[in-house]
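Below is one structure, written out as structure tokens; comments come after it.
Laboratory data are not the source of any read-out in this text; all were calculated from the coordinates shown. Source: prediction; values computed, not measured. Positions of Cβ are backbone-derived with ideal geometry, glycine not excepted, and every protein chain shown enters the neighbour counts.
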Amino acid sequence: MAESTTTATAPKSKKPVASAAPVFEAPKFEMPKFEMPKFEMPKFDMSSMEVPAAFREIAEKGIAQAKENYEKVKSAAEQATDALEETYSTASKGCSDYGLKVIETARANSNAAFDLFGDLMTAKSYAEVVEKTTSYMRNQFETFTAQAKELSEHAQKVATDTAEPLKDSFTSFGKAA
């Protein structure tokens, strides 16, 4: 007779199987109960210790000098902050004024160009166009020169006014040092 042996193989699991009982059990010992020894810090009587007068004097001078130096540094920092605030304010206002002058100049030049265009539209001959254009160019050259000079002077004034608070503060810092 032929025996038929069928063995059923369970699918292999990749997870480890937890065992019910630990393999090795460590013996348990009871810790002895004892108290930590009590140590007391030695007490020094501070009132009986006196600092020599020379050390006391040096310490007092050092503290006084540190306070004086702190006040100087604090005062210098406040002056520097005030100078920077004033400089920023002056620069901001100067730049704003300069921008307004540029806009005013551009507006005047645009109006002059539109006036020329209107005059050219009413011209009756080519000679009149050349005459009006030449006159416009001559006037605009003079106007541009004057405007450039005015803008340059204004920019120089803004730069000088902006640098003045810083210059004054550096002068005062130099005297304080």
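Run the numbers for LYS157 and THR145: contour at 0.36 nm per residue of separation, minus the present Cα-Cα distance, in nm.
Net length gain for the segment: 2.5 nm.
Put in line by how crowded their Cβ is, counting other Cβ atoms within 10 Å and starting with the fewest, TYR98, TYR88 read TYR88, TYR98. Partner aspartates and glutamates whose Cα lies under 15 Å from the Cα of LYS149, excluding those fewer than 8 positions away in the same chain, are identified as GLU104.
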